[in-house]
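The values are calculated or read from the model by the stated rules, or taken from the named source; none is laboratory data. Source: prediction; values computed, not measured. Cβ placement follows ideal geometry from the backbone for every residue including glycine, while neighbour counts extend to all protein chains displayed.
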Amino acid sequence: MRFSRTLLLGGITLTAALTATSSAVATPAGADHHHHRGGHHSSSVPRDSLRALADEVGLRVGVAVNTDLLGENATYTRIVNQQFSTVTPENVMKWEVVEPTRGKYNWAPADELVASARRNGQLVRGHTLVWHSQLPKWLATTAADGSQSTTLSKAELRAVLKRHITDQVRHFRGKIWQWDVVNEAFNDDGTLRNSIWLQKLGRGYLADAFRWAHEADPKAQLFYNDYNIEFTGPKSNAVYAMVKDLKRQGVPIHGVGFQTHLDTQYGFPDLRANLQRFAALGLNVAETEVDVRTFVKEGTNEPVSGLAQSAQEAYWSQTLQACLAVRRCISYTVWGVADSNSWIPGVFKGEGAALLYNDAYQPKRQYGVLQQDLELAAGAPRRRS
Ligand code: XIL
């Protein structure tokens, strides 16, 4: 069951008739608990929460979860479970966490998150199987200039990658809605990133990864995930050509994830057009790591100006509207709860304030903007819980 989405035409919002349509596209695979619709899950889910409102328009809204905070910080935990209908492990399914010592798996933190999701009627995005970053030390070393190397031979590396994908996907079999099978394989100029995977295995590792993952869990939706593909340009075009080619070869790929880490200094991308053209290949699409950073007053998460704040609000609105406008955009995930737990200040100097809640876990205006966009999309007036 899925309701038609709001159409935005020339600045006029036309709410399409709220007719229920059956849709195979929107049906989550690989999870037996997905019939439990987010908003109807429990009386503890407020009717004006993001998840309840998104449920009205057949969209899943997700959050990246820091498992050190889940269950430890009550406010954080309440927000995760009341506001979101999918979760993504921010770090605990990455290779350096799941296999810090060669041959010794550490599934416990991810298992706990998956169990929590089940209790709270949430689906899980698995993140991520093949990446150049956050690899264990026994597998790869990265030099100061960013170049990567491994001591493993080609044959050994291929066997290690196959075993990693097979074991991890099997471990979570039936519990993962979407897997980010390959993450960030391209450079901004559209060439393939010179990771240990490309160096030793050649570009064939891309198709292999999807085939191995599909064998291990045939029901999971398998995604390619990347950043800066929201803008049409060399990178987005290269990813488009790659996924089109994989589809043509019959490789089991089901979706493309647009990370959507935006910054108010770079302008808003032609995101909707990009979601649309990838969807037209017969793929699902998702916004997988949304955050909108801006320049902040030193050492704070306060935008430098009112202009920066209003630009952020406009960007948030447009990211969600782009997904709402594309039927095959099946989930919208934000990369963290509060500004105080965002990765942005640690990585982008002088920037922050990238999320929906402030340092004190109070919802920011960005949050209200998303609520309103969802309400408009559902064509219903706000009903307070
Ligand atoms: C980030 C996490 O948020 C940080 O906690 C971690 O230290 C580094 O990774 N693209 C991705 C995510 O696909 O996995 C990254 O997450 C952010 C960029």
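How do the helices (runs of 4 or more DSSP H) wholly within region 48-135 filter down when requiring 3 or more residues that are more than 20 Å from residue 223 (Cα to Cα) and of a type in the set (A, V, I, L, M): which remain?
It comes to 50-56, 74-83, 108-119.
Within region 306-316, is even one residue closer than 16 Å to residue 50 by Cβ, surrounded by fewer than 16 Cβ atoms within 10 Å (Cβ to Cβ) and modelled with pLDDT of 95 or more?
no
Which residue pairs have Cβ atoms closer than 8 Å, lie 6 or more positions apart in sequence or on different chains, and pair a first residue in region 172-198 that is over 15 Å from residue 286 (Cα atoms) and without any contact (Cβ under 8 Å) to a residue 12 or more places away in the chain with a second residue that is within 13 Å of the ligand (Cβ to nearest atom) and among the β-branched types (Val, Ile, Thr)?
Pairs found: none.
Out of the residues in region 176-202 that are part of a loop (DSSP other than H, G, I, E, B) and either among the small types (Gly, Ala, Ser) or touching an Asp or Glu at 6+ places or on another chain (Cβ under 9 Å) (or both), state the one that is nearest to the ligand (Cβ to nearest atom).
Residue satisfying both the conditions and the ranking: 184.
Answer yes or no: is there a residue in region 339-347 that is aliphatic (A, V, I, L, M) and either closer than 21 Å to residue 49 by Cα or modelled with pLDDT under 95 (or both).
There is no residue in region 339-347 that is aliphatic (A, V, I, L, M) and either closer than 21 Å to residue 49 by Cα or modelled with pLDDT under 95 (or both).
When you look at residue 338, is it more than 16 Å from the ligand (Cβ to nearest atom) and either crowded, with 22+ Cβ neighbours inside 10 Å or in contact (Cβ under 8 Å) with a residue 40 or more places away in the chain (or both), yes or no?
So residue 338 does not fit the description; no.
Just to check your reading of the model, which residue among 313, 298 is part of a loop (DSSP other than H, G, I, E, B), touching a residue at least 24 places away in the same chain (Cβ under 8 Å) and away from the ligand (no atom under 16 Å from the Cβ)?
Just one listed residue meets the conditions, 298.
Could you please tell me which pairs satisfy a Cβ distance under 9 Å, a separation of 6+ or placement on different chains, a first residue in region 81-103 that is without any contact (Cβ under 8 Å) to a residue 60 or more places away in the chain and on the phi < 0 side of the Ramachandran plot, and a second residue that is within 10 Å of the ligand (Cβ to nearest atom) and of a type in the set (A, V, I, L, M)?
Short answer, once both residue conditions are applied: 87/64; 89/64; 91/64.
So, residue 233, is that one within 21 Å of residue 333 (Cα to Cα) and small (Gly, Ala, Ser) or not?
Spelling it out, it is not the case that residue 233 is within 21 Å of residue 333 (Cα to Cα) and small (Gly, Ala, Ser).
Within region 209-227, track down each residue that is assigned to a loop (DSSP other than H, G, I, E, B) and either of a type in the set (A, V, I, L, M) or touching a Phe, Trp or Tyr at 6+ places or on another chain (Cβ under 9 Å) (or both).
Residues satisfying the conditions are 217, 220, 227.
Note down all Cβ pairs under 7 Å where the first residue falls in region 229-255 and is touching a residue at least 12 places away in the same chain (Cβ under 8 Å), the second is in a loop (DSSP other than H, G, I, E, B) and polar (S, T, N, Q), and they're at least six residues apart or on different chains.
230/260; 235/228
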